[in-house]
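Have a look at the structure below before the remarks.
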Amino acid sequence: MINAYAAQSANAALTKYQFDPGELKPKEVEIEVMYCGICHSDLSMIDNEWGQSKYPLVPGHEVVGKVSQIGSQVKHLKNGQHVGLGWHSSYCNQCSYCDEGDHNLCSKAKGTIIRHHGGFADKVRADANSVIAIPDGIDLEKAGPLFCGGITVFTPLVEYNIKPTDKVAVIGIGGLGHMAVKFLNAWGCQVTAFTSSEAKKIEPQTETFPFEQINDAIDHLRNGRAKYRVVLKR
Ligand SMILES: [Zn+2]
Ligand SMILES: [Zn+2]
């Protein structure tokens with residue numbers, strides 16, 4: 001049995017909920033949950049803001065834990081290994097998007113908290129192809145958000161081939177933006193962040209500007225006088 005916290009209806013508080021996940025499928029792994037972040041999408045699903053929630057709904061898609069059971073066809077993960085699980089809990093692995101590494105665009109991808117029980121539980125299951133191995137040395141307590149907001153802002157760094165010599169602006173230092181600022185600083189970029197609050201200046205070397213100056217920055221881009229090579233905006 002899996003012990004979880006679930007919303008029984010839209011806008012409801014989470015209460016204890018136990019369910020039998022059945023037999024582990026050949027391509028699945030079971031993860032013993034150590035930590036799980038909370039993301040605004042968890043709240044949107046609990047409150048059925050997108051009209052696709054099914055109840056009982058177990059939220060949690062920023063999962064960090066250890067592999068505790070492995071399906072018979074899974075070869076690349078082992079018991080006890082630290083892993084993460086994000087928004088998706090399986091991919092078809094056969095479409096052109098999956099073939100090109102753009103699994104997030106797979107039309108058959110299944111959500112971790114959409115018709116599937118998520119990580120606010122002692123255990124969570126997922127297809128092994130959506131489970132990410134966590135290298136040694138990562139602070140597991142803080143790793144959860146990397147699997148949702150983290151990959152969301154990391155992707156453009158790769159897609160736009162951002163170099164350490166680039167100047168990059170980040171609009172908004174929120175859940176996603178603060179991770180973008182950290183990644184970009186670690187990569188060596190010159191980072192400018194636009195924020196509604198100077199209190200959110202999280203990296204001393206990051207230049208911050210109030211939101212009111214965003215239009216000036218966008219005008220610079222439009223007029224071809226770009227100060228920034230890339231602007232990350234949610
Ligand atoms: Zn999320
Ligand atoms: Zn696919």
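Report yes if residue 104 is within 16 Å of ligand 1 (Cβ to nearest atom) and modelled with pLDDT under 95, otherwise no. Yes; evaluated as a whole, the condition is true for this residue. Of the listed requirements (1) at pLDDT below 95; (2) over 26 Å from residue 150 (Cα atoms), residue 52 misses just one: (2). Of the strands (runs of 3 or more DSSP E) lying entirely inside the range 129-234, the ones with 3 or more residues being surrounded by fewer than 18 Cβ atoms within 10 Å (Cβ to Cβ), out of contact with any Gly (no Cβ under 7 Å at 6 or more places or on another chain) and modelled with pLDDT under 85 are found at 207-210.
Checking every residue in the range 94-115 against the condition of being out of contact with any Cys (no Cβ under 9 Å at 6 or more places or on another chain), closer than 23 Å to residue 179 by Cβ and in contact (Cβ under 8 Å) with a residue 60 or more places away in the chain gives at least one match. Just one of the listed residues (51, 84, 71, 80) is within 18 Å of the chain's Cα centre (by Cα) and more than 9 Å from ligand 2 (Cβ to nearest atom), and it is 84.
The values are calculated or read from the model by the stated rules, or taken from the named source; none is laboratory data. Here the structure is a predicted model, which is why all the values come from computation and not from measurement. With ideal geometry, Cβ positions are generated from the backbone for all residues, glycine too; neighbour counts draw on all protein chains shown.
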